[in-house]
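The values are calculated or read from the model by the stated rules, or taken from the named source; none is laboratory data. Small disclaimer: the values here were computed from a predicted structure and weren't measured. Surface accessibility is based on the protein's heavy atoms, side chains included, excluding ligands, DNA and RNA. Shrake-Rupley method; radii C 1.70, N 1.55, O 1.52, S 1.80 Å.
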Amino acid sequence: ATTSMEKKTSLMEKCSLICHLLTFPIGLLYSLWILLPDEDLEALNITYYPPKEWAFNIPLVALILFFAIPMAYVWLNSLTVPANTSSDLLEDQYTRKPTTAIKLQKGIGPHLPLPEICDLDPAGLVWYPSKSD
């Protein structure tokens, strides 16, 4: 029987716990690999281990990837954006066109009613330099 105070643990919480539990032993092994001389490692019957040069290269590559991956993501996303001179920035498949002529409402007089709500006409929004410039 479960009480109302108990909550189900989500998959994210379980993965987080596993990562926290693995971080300490992996960090300890990494520190021992760096600090202990080769003779001490062989005395512990550890005969295969990566070269000590990797102790510098692994964190360096991790740091480079930490900064390079978001920059590559931004660069790839910038390739999908249309150019500043493209009319696709002003109009897409969801743009609503204004209706035809506005009709006068009866009984109000010569005043025009408010136009239907719609997107602005992209042709009137083009702010490009004229060809005479």
- Given the protein chains as shown and a 1.4 Å probe, how many square angstrom of residue 12 are accessible, to the nearest 10? 150
- Message: Please list the three semi-axes, largest first and in whole Å, of the ellipsoid equivalent to segment 24-87, using sqrt of 5 times the eigenvalues of its alpha carbon gyration tensor.
- Response: 46, 10, 8
